[in-house]
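Here's the structure we're looking at; comments come further down.
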Number of protein chains: 2
Amino acid sequence: MADTPGAAPDQRVVRSKARVLEETYRLLFEGGIGGVSVDEVARRSGVAKTTIYRHWPTRSALVLDACSKMGGPEPSPDTGSLREDLTILAQRVADQLRDAAWPSVLPSIIDAAERDPAIAGMHERLHAANMQPFLDAIAAAHRRGELPAERDAAALVAEVVGPLFYRRWFSKEPIDPAFVTGVVIHALD
Amino acid sequence: MADTPGAAPDQRVVRSKARVLEETYRLLFEGGIGGVSVDEVARRSGVAKTTIYRHWPTRSALVLDACSKMGGPEPSPDTGSLREDLTILAQRVADQLRDAAWPSVLPSIIDAAERDPAIAGMHERLHAANMQPFLDAIAAAHRRGELPAERDAAALVAEVVGPLFYRRWFSKEPIDPAFVTGVVIHALD
(Lines give C-alpha, C1' and ligand atoms only; values in the text may rest on other atoms or scores of the structure.)
Protein backbone atom coordinates (compact mmCIF):
# COMPACT_ATOMS: atom_id res chain seq x y z
CA MET A 1 0.00 0.00 0.00
CA ALA A 2 2.06 2.93 -1.25
CA ASP A 3 1.47 6.41 0.21
CA THR A 4 -0.89 8.41 -2.00
CA PRO A 5 0.32 11.97 -2.54
CA GLY A 6 -2.05 14.43 -0.89
CA ALA A 7 -3.82 11.78 1.19
CA ALA A 8 -3.38 11.70 4.99
CA PRO A 9 -0.77 9.03 5.73
CA ASP A 10 -2.07 5.84 7.30
CA GLN A 11 -1.09 6.01 10.99
CA ARG A 12 -0.03 2.35 11.03
CA VAL A 13 2.32 3.05 8.14
CA VAL A 14 3.76 6.10 9.92
CA ARG A 15 4.33 4.07 13.09
CA SER A 16 5.95 1.09 11.39
CA LYS A 17 8.24 3.34 9.30
CA ALA A 18 9.30 5.09 12.52
CA ARG A 19 9.98 1.72 14.22
CA VAL A 20 12.05 0.55 11.24
CA LEU A 21 14.15 3.75 11.25
CA GLU A 22 14.62 3.55 15.02
CA GLU A 23 15.97 -0.02 14.84
CA THR A 24 18.14 0.92 11.86
CA TYR A 25 19.67 3.74 13.95
CA ARG A 26 20.26 1.35 16.82
CA LEU A 27 22.06 -1.15 14.55
CA LEU A 28 24.09 1.70 13.01
CA PHE A 29 25.22 2.81 16.47
CA GLU A 30 26.05 -0.76 17.50
CA GLY A 31 28.03 -1.84 14.46
CA GLY A 32 28.32 0.94 11.88
CA ILE A 33 26.91 0.60 8.36
CA GLY A 34 28.28 -2.95 8.12
CA GLY A 35 26.07 -3.95 11.07
CA VAL A 36 22.77 -3.10 9.36
CA SER A 37 20.87 -5.94 7.68
CA VAL A 38 17.21 -5.81 6.63
CA ASP A 39 16.72 -9.26 8.24
CA GLU A 40 17.85 -7.93 11.62
CA VAL A 41 15.86 -4.69 11.27
CA ALA A 42 12.75 -6.77 10.50
CA ARG A 43 13.39 -9.08 13.47
CA ARG A 44 13.87 -6.24 15.96
CA SER A 45 11.14 -3.92 14.71
CA GLY A 46 8.53 -6.63 14.15
CA VAL A 47 7.86 -5.09 10.71
CA ALA A 48 7.79 -7.63 7.85
CA LYS A 49 10.66 -7.53 5.34
CA THR A 50 8.15 -7.13 2.47
CA THR A 51 6.81 -3.98 4.18
CA ILE A 52 10.33 -2.63 4.73
CA TYR A 53 11.21 -3.21 1.07
CA ARG A 54 7.97 -1.45 0.03
CA HIS A 55 9.24 1.79 1.64
CA TRP A 56 12.99 1.35 1.07
CA PRO A 57 13.70 -0.67 -2.09
CA THR A 58 17.26 -1.57 -0.99
CA ARG A 59 19.33 -1.88 2.19
CA SER A 60 21.36 1.11 0.96
CA ALA A 61 18.19 3.25 0.67
CA LEU A 62 17.28 2.37 4.27
CA VAL A 63 20.80 3.15 5.56
CA LEU A 64 20.86 6.44 3.63
CA ASP A 65 17.49 7.48 5.04
CA ALA A 66 18.54 6.70 8.63
CA CYS A 67 21.95 8.41 8.24
CA SER A 68 20.46 11.51 6.66
CA LYS A 69 18.52 12.15 9.89
CA MET A 70 21.63 12.00 12.12
CA GLY A 71 22.86 15.12 13.86
CA GLY A 72 21.41 18.04 11.95
CA PRO A 73 22.45 21.68 12.10
CA GLU A 74 21.61 23.98 14.99
CA PRO A 75 21.04 27.75 14.79
CA SER A 76 24.07 29.97 14.13
CA PRO A 77 25.23 32.18 17.00
CA ASP A 78 25.54 35.90 16.22
CA THR A 79 27.49 37.56 19.05
CA GLY A 80 29.07 40.21 16.80
CA SER A 81 32.53 38.71 17.41
CA LEU A 82 33.90 36.06 15.06
CA ARG A 83 36.14 34.64 17.78
CA GLU A 84 33.15 34.19 20.09
CA ASP A 85 30.90 32.77 17.36
CA LEU A 86 33.57 30.24 16.29
CA THR A 87 34.32 29.27 19.89
CA ILE A 88 30.62 28.59 20.53
CA LEU A 89 30.32 26.52 17.33
CA ALA A 90 33.59 24.63 17.92
CA GLN A 91 32.63 23.88 21.52
CA ARG A 92 29.28 22.55 20.28
CA VAL A 93 31.10 20.19 17.88
CA ALA A 94 33.50 19.17 20.69
CA ASP A 95 30.56 18.34 22.98
CA GLN A 96 28.99 16.19 20.26
CA LEU A 97 32.27 14.43 19.49
CA ARG A 98 32.46 13.45 23.16
CA ASP A 99 28.81 12.63 23.91
CA ALA A 100 26.73 12.00 20.78
CA ALA A 101 26.24 8.63 19.10
CA TRP A 102 26.97 9.71 15.51
CA PRO A 103 30.78 10.03 15.95
CA SER A 104 31.01 6.26 16.36
CA VAL A 105 28.98 5.71 13.16
CA LEU A 106 30.66 8.30 10.94
CA PRO A 107 33.86 6.29 10.21
CA SER A 108 31.73 3.52 8.69
CA ILE A 109 30.00 6.11 6.49
CA ILE A 110 33.34 7.58 5.41
CA ASP A 111 34.66 4.06 4.73
CA ALA A 112 31.60 3.19 2.62
CA ALA A 113 31.86 6.58 0.86
CA GLU A 114 35.32 5.59 -0.42
CA ARG A 115 33.63 3.00 -2.62
CA ASP A 116 29.89 3.85 -2.85
CA PRO A 117 28.90 7.06 -4.71
CA ALA A 118 25.39 7.18 -3.16
CA ILE A 119 26.87 7.08 0.36
CA ALA A 120 29.51 9.62 -0.69
CA GLY A 121 26.78 11.98 -1.91
CA MET A 122 24.82 11.61 1.33
CA HIS A 123 27.96 12.23 3.39
CA GLU A 124 28.74 15.33 1.35
CA ARG A 125 25.23 16.77 1.90
CA LEU A 126 25.26 15.99 5.64
CA HIS A 127 28.73 17.47 6.06
CA ALA A 128 27.82 20.65 4.16
CA ALA A 129 24.70 21.16 6.29
CA ASN A 130 26.67 20.69 9.52
CA MET A 131 29.39 23.17 8.48
CA GLN A 132 26.94 25.86 7.28
CA PRO A 133 26.78 27.69 10.66
CA PHE A 134 30.59 28.11 10.55
CA LEU A 135 30.38 29.58 7.03
CA ASP A 136 27.50 31.87 8.10
CA ALA A 137 29.55 33.23 11.03
CA ILE A 138 32.57 33.82 8.77
CA ALA A 139 30.43 35.54 6.10
CA ALA A 140 29.01 37.87 8.77
CA ALA A 141 32.56 38.72 9.93
CA HIS A 142 33.58 39.41 6.32
CA ARG A 143 30.57 41.78 5.98
CA ARG A 144 31.49 43.56 9.24
CA GLY A 145 35.08 43.94 7.98
CA GLU A 146 36.27 41.97 11.03
CA LEU A 147 38.09 39.43 8.85
CA PRO A 148 40.28 40.41 5.86
CA ALA A 149 38.46 39.74 2.59
CA GLU A 150 41.36 37.57 1.37
CA ARG A 151 41.05 35.14 4.31
CA ASP A 152 39.50 32.04 2.75
CA ALA A 153 36.36 30.84 4.58
CA ALA A 154 36.75 27.14 3.69
CA ALA A 155 40.37 27.08 4.90
CA LEU A 156 39.37 28.74 8.18
CA VAL A 157 36.64 26.12 8.74
CA ALA A 158 39.20 23.35 8.11
CA GLU A 159 41.62 24.94 10.60
CA VAL A 160 38.93 25.14 13.31
CA VAL A 161 37.09 21.84 12.81
CA GLY A 162 39.99 19.68 11.53
CA PRO A 163 41.89 19.59 14.84
CA LEU A 164 38.72 18.57 16.73
CA PHE A 165 37.95 15.71 14.32
CA TYR A 166 41.64 14.72 14.42
CA ARG A 167 41.53 14.24 18.18
CA ARG A 168 38.28 12.25 18.10
CA TRP A 169 39.21 9.75 15.39
CA PHE A 170 42.99 9.81 14.98
CA SER A 171 44.97 10.80 18.07
CA LYS A 172 42.10 10.08 20.56
CA GLU A 173 43.36 12.90 22.81
CA PRO A 174 40.93 14.91 24.98
CA ILE A 175 39.00 17.73 23.29
CA ASP A 176 38.84 20.00 26.35
CA PRO A 177 37.75 23.67 26.39
CA ALA A 178 41.37 24.93 26.57
CA PHE A 179 42.21 23.01 23.40
CA VAL A 180 39.08 24.30 21.61
CA THR A 181 39.84 27.91 22.60
CA GLY A 182 43.45 27.61 21.46
CA VAL A 183 42.45 26.14 18.10
CA VAL A 184 40.14 29.11 17.37
CA ILE A 185 42.72 31.69 18.54
CA HIS A 186 45.50 30.24 16.38
CA ALA A 187 43.24 29.91 13.32
CA LEU A 188 42.22 33.57 13.61
CA ASP A 189 45.57 35.14 14.51
CA MET B 1 56.16 -26.53 9.87
CA ALA B 2 56.59 -23.67 12.36
CA ASP B 3 59.63 -21.38 12.14
CA THR B 4 62.38 -22.54 14.53
CA PRO B 5 63.93 -19.63 16.43
CA GLY B 6 67.54 -19.11 15.35
CA ALA B 7 67.24 -21.33 12.28
CA ALA B 8 67.38 -19.80 8.79
CA PRO B 9 63.76 -19.42 7.62
CA ASP B 10 62.62 -21.84 4.96
CA GLN B 11 62.59 -19.84 1.70
CA ARG B 12 59.28 -21.39 0.62
CA VAL B 13 57.73 -20.24 3.90
CA VAL B 14 59.14 -16.72 3.43
CA ARG B 15 57.75 -16.57 -0.10
CA SER B 16 54.28 -17.84 0.76
CA LYS B 17 53.98 -15.50 3.75
CA ALA B 18 54.94 -12.59 1.47
CA ARG B 19 52.34 -13.69 -1.10
CA VAL B 20 49.65 -13.92 1.59
CA LEU B 21 50.46 -10.43 2.93
CA GLU B 22 50.52 -8.99 -0.59
CA GLU B 23 47.04 -10.35 -1.39
CA THR B 24 45.78 -9.18 2.00
CA TYR B 25 47.01 -5.66 1.18
CA ARG B 26 45.31 -5.81 -2.19
CA LEU B 27 41.97 -6.83 -0.63
CA LEU B 28 42.37 -4.11 2.02
CA PHE B 29 42.86 -1.49 -0.68
CA GLU B 30 39.91 -2.80 -2.69
CA GLY B 31 37.36 -3.06 0.10
CA GLY B 32 38.76 -1.95 3.47
CA ILE B 33 39.01 -4.31 6.44
CA GLY B 34 35.51 -5.65 5.69
CA GLY B 35 36.75 -6.86 2.30
CA VAL B 36 39.38 -9.25 3.69
CA SER B 37 38.45 -12.92 4.06
CA VAL B 38 40.91 -15.77 4.56
CA ASP B 39 39.06 -17.74 1.87
CA GLU B 40 39.69 -15.01 -0.70
CA VAL B 41 43.32 -14.49 0.41
CA ALA B 42 43.89 -18.26 -0.01
CA ARG B 43 42.23 -18.28 -3.43
CA ARG B 44 44.23 -15.34 -4.76
CA SER B 45 47.61 -16.24 -3.23
CA GLY B 46 47.43 -19.96 -3.98
CA VAL B 47 48.49 -20.61 -0.35
CA ALA B 48 46.36 -23.17 1.50
CA LYS B 49 44.08 -21.92 4.29
CA THR B 50 45.71 -24.35 6.73
CA THR B 51 49.10 -22.76 5.97
CA ILE B 52 47.68 -19.25 6.40
CA TYR B 53 46.16 -20.19 9.76
CA ARG B 54 49.51 -21.70 10.86
CA HIS B 55 51.13 -18.25 10.59
CA TRP B 56 48.13 -16.06 11.50
CA PRO B 57 45.77 -17.86 13.88
CA THR B 58 42.81 -15.55 13.08
CA ARG B 59 41.60 -13.25 10.31
CA SER B 60 42.15 -10.33 12.73
CA ALA B 61 45.80 -11.33 13.23
CA LEU B 62 46.34 -11.35 9.45
CA VAL B 63 44.63 -7.96 9.01
CA LEU B 64 46.65 -6.48 11.89
CA ASP B 65 49.92 -7.74 10.41
CA ALA B 66 49.13 -6.32 6.96
CA CYS B 67 47.91 -2.97 8.37
CA SER B 68 50.94 -2.59 10.63
CA LYS B 69 53.17 -2.50 7.54
CA MET B 70 51.20 0.34 5.86
CA GLY B 71 52.81 3.73 5.42
CA GLY B 72 55.64 3.91 7.90
CA PRO B 73 57.54 6.97 9.11
CA GLU B 74 60.14 8.75 7.03
CA PRO B 75 63.21 10.65 8.33
CA SER B 76 62.61 13.96 10.12
CA PRO B 77 63.78 17.11 8.34
CA ASP B 78 66.09 19.40 10.32
CA THR B 79 66.31 22.74 8.50
CA GLY B 80 66.81 24.79 11.68
CA SER B 81 63.42 26.50 11.13
CA LEU B 82 60.25 25.04 12.66
CA ARG B 83 58.08 26.61 9.98
CA GLU B 84 60.16 24.98 7.24
CA ASP B 85 60.31 21.61 9.02
CA LEU B 86 56.54 21.57 9.59
CA THR B 87 55.84 22.66 6.00
CA ILE B 88 58.01 19.81 4.66
CA LEU B 89 56.30 17.28 6.94
CA ALA B 90 52.78 18.59 6.25
CA GLN B 91 53.41 18.62 2.50
CA ARG B 92 54.61 14.99 2.74
CA VAL B 93 51.34 14.04 4.48
CA ALA B 94 49.35 16.01 1.88
CA ASP B 95 51.12 14.15 -0.96
CA GLN B 96 50.30 10.81 0.67
CA LEU B 97 46.67 11.78 1.28
CA ARG B 98 46.37 12.50 -2.45
CA ASP B 99 48.43 9.64 -3.93
CA ALA B 100 48.97 6.76 -1.50
CA ALA B 101 46.68 3.75 -1.10
CA TRP B 102 46.41 3.77 2.73
CA PRO B 103 44.09 6.82 2.95
CA SER B 104 41.31 4.76 1.38
CA VAL B 105 41.87 1.94 3.90
CA LEU B 106 42.23 4.02 7.07
CA PRO B 107 38.49 4.79 7.55
CA SER B 108 37.78 1.05 7.76
CA ILE B 109 40.51 0.73 10.43
CA ILE B 110 39.08 3.67 12.39
CA ASP B 111 35.59 2.20 12.07
CA ALA B 112 36.78 -1.20 13.31
CA ALA B 113 38.77 0.51 16.10
CA GLU B 114 35.50 1.94 17.46
CA ARG B 115 34.52 -1.61 18.43
CA ASP B 116 37.67 -3.80 18.41
CA PRO B 117 40.37 -3.09 21.05
CA ALA B 118 43.10 -5.00 19.13
CA ILE B 119 42.50 -2.87 16.01
CA ALA B 120 42.32 0.26 18.21
CA GLY B 121 45.73 -0.60 19.72
CA MET B 122 47.27 -1.16 16.29
CA HIS B 123 45.81 2.11 15.00
CA GLU B 124 47.21 3.95 18.05
CA ARG B 125 50.73 2.54 17.49
CA LEU B 126 50.68 3.29 13.74
CA HIS B 127 49.39 6.80 14.32
CA ALA B 128 51.99 7.54 17.00
CA ALA B 129 54.81 6.34 14.73
CA ASN B 130 53.57 8.50 11.84
CA MET B 131 53.30 11.63 14.00
CA GLN B 132 56.73 11.20 15.65
CA PRO B 133 58.62 13.33 13.06
CA PHE B 134 56.28 16.25 13.85
CA LEU B 135 56.97 15.89 17.58
CA ASP B 136 60.74 15.63 16.91
CA ALA B 137 60.70 18.88 14.89
CA ILE B 138 58.71 20.66 17.63
CA ALA B 139 61.02 19.35 20.38
CA ALA B 140 64.04 20.68 18.44
CA ALA B 141 62.35 24.10 18.13
CA HIS B 142 61.63 24.10 21.87
CA ARG B 143 65.34 23.34 22.54
CA ARG B 144 66.42 26.16 20.19
CA GLY B 145 64.03 28.53 22.00
CA GLU B 146 62.26 29.13 18.69
CA LEU B 147 58.88 28.12 20.16
CA PRO B 148 57.64 29.33 23.58
CA ALA B 149 57.95 26.56 26.18
CA GLU B 150 54.24 26.86 27.01
CA ARG B 151 53.15 26.06 23.42
CA ASP B 152 51.80 22.50 23.67
CA ALA B 153 53.37 20.12 21.13
CA ALA B 154 50.36 17.78 20.81
CA ALA B 155 47.99 20.71 20.17
CA LEU B 156 50.32 22.10 17.50
CA VAL B 157 50.44 18.70 15.75
CA ALA B 158 46.60 18.59 15.80
CA GLU B 159 46.41 22.10 14.33
CA VAL B 160 48.80 21.20 11.48
CA VAL B 161 47.66 17.66 10.63
CA GLY B 162 43.95 17.96 11.54
CA PRO B 163 43.03 20.33 8.68
CA LEU B 164 44.76 18.05 6.13
CA PHE B 165 42.93 14.94 7.35
CA TYR B 166 39.70 16.96 7.46
CA ARG B 167 39.97 17.80 3.77
CA ARG B 168 40.79 14.22 2.74
CA TRP B 169 37.99 12.44 4.60
CA PHE B 170 35.35 15.02 5.54
CA SER B 171 35.14 18.05 3.24
CA LYS B 172 36.94 16.37 0.27
CA GLU B 173 38.41 19.76 -0.75
CA PRO B 174 41.82 20.01 -2.48
CA ILE B 175 44.90 19.85 -0.25
CA ASP B 176 47.06 22.14 -2.40
CA PRO B 177 50.42 23.68 -1.40
CA ALA B 178 48.85 27.10 -0.66
CA PHE B 179 46.45 25.47 1.81
CA VAL B 180 49.28 23.48 3.46
CA THR B 181 51.46 26.59 3.81
CA GLY B 182 48.57 28.60 5.28
CA VAL B 183 47.75 25.89 7.82
CA VAL B 184 51.35 25.87 9.12
CA ILE B 185 51.57 29.69 9.24
CA HIS B 186 48.31 30.06 11.19
CA ALA B 187 49.20 27.25 13.61
CA LEU B 188 52.54 28.92 14.40
CA ASP B 189 51.42 32.56 14.56
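Quick rundown of the values:
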{"item": "Largest-first principal axis extents of the Cα set of region B:131-181 (Å)", "result": "36, 19, 17"}
{"item": "Charge dipole (chain B, unit charges on Cβ, about Cα centre) - positive-most of B:His186, B:Ile175, B:Ala18", "result": "B:Ala18"}
{"item": "Unit charges on C-beta of K, R, D, E only; dipole of region A:22-174, Debye", "result": "400"}
{"item": "Selected from B:Thr87, B:Thr24, B:Thr79 as most flexible by GNM, with chain B as the system and alpha-carbon contacts under 10 Å", "result": "B:Thr79"}
{"item": "Label distances, nm, B:Arg19 versus same residue in remaining copies, Cβ-directed 7 Å point", "result": "5.3"}
{"item": "Estimated dipole of the protein assembly as shown in Debye, rounded to 20 [Cβ of Lys and Arg +1, of Asp and Glu -1, Cα centre]", "result": "1540"}
{"item": "For region B:49-58, 3J(HN,Hα) per residue [Karplus equation, 6.51 cos²θ - 1.76 cosθ + 1.60, θ = phi - 60°, Hz, x = Gly/Pro]", "result": "4, 4, 5, 4, 5, 5, 8, 10, x, 9"}
{"item": "Alpha-carbon centroids, region A:130-186 and region A:12-43: separation in whole Å", "result": "34"}
{"item": "Across the identical copies, how the B:Thr50 labels are spaced - nm, sorted shortest first, 7 Å along Cα→Cβ", "result": "4.8"}
{"item": "Per-residue SASA entry for A:Phe165, accessible area with 1.4 Å probe, Å² rounded to 10", "result": "10"}
{"item": "Straight-distance crosslink candidates among aspartates and glutamates, where the alpha carbon sits under 17 Å from A:Lys49 and sequence neighbours closer than 8 are dropped", "result": "A:Glu22, A:Glu23, A:Asp39, A:Glu40, A:Asp65"}
{"item": "Fraction of the pair-distance distribution of chain A above 27 Å, Cα-Cα pairs, percent", "result": "41"}
{"item": "FRET efficiency, A:Lys172 to B:Ser68 (Cβ-Cβ, R0 30 Å, nearest 0.05)", "result": "0.95"}
{"item": "Span-like helix ranges in chain A, DSSP H, alpha carbon extent 27 angstrom or more, Kyte mean at least -1.0", "result": "A:11-31, A:117-144"}
{"item": "For q = 0.20 Å⁻¹, Debye-computed log10 I/I(0) when each Cα of region A:82-188 counts as one equal scatterer", "result": "-1.09"}
{"item": "Ratio of the Cα radius of gyration of region A:11-68 to 2.2 N^0.38 Å, where N counts its residues", "result": "0.98"}
{"item": "By accessible area with a 1.4 Å probe, ligands and nucleic acids excluded, highest first: order of B:Glu84, A:Glu114", "result": "B:Glu84, A:Glu114"}
{"item": "Shape of the protein assembly as shown, Cα gyration tensor, a/c cut at 1.5", "result": "oblate"}
{"item": "Unit charges at the beta carbon, dipole of region B:25-148: most positive-side option, B:Pro77, B:Val63, B:Val41", "result": "B:Val41"}
{"item": "Unsatisfied cross-links (Cα-Cα over 23 Å) in the set A:Lys172/B:Lys17; A:Lys69/B:Lys172; A:Lys172/B:Lys69", "result": "A:Lys172/B:Lys17"}
{"item": "Calculated [θ] (222 nm, deg cm²/dmol) that DSSP helices of n ≥ 4 give over the protein assembly as shown, each run adding -39,500 (n - 2.57)", "result": "-22000 deg cm²/dmol"}
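The values are calculated or read from the model by the stated rules, or taken from the named source; none is laboratory data. Keep in mind it's a predicted model, so treat the numbers as computed, not measured. All Cβ positions, glycine included, derive from the backbone under ideal geometry; neighbour counts span all protein chains shown. Quick note on the areas: whole protein, heavy atoms, side chains included, nothing else; ligands and nucleic acids left out. Shrake-Rupley method; radii C 1.70, N 1.55, O 1.52, S 1.80 Å.
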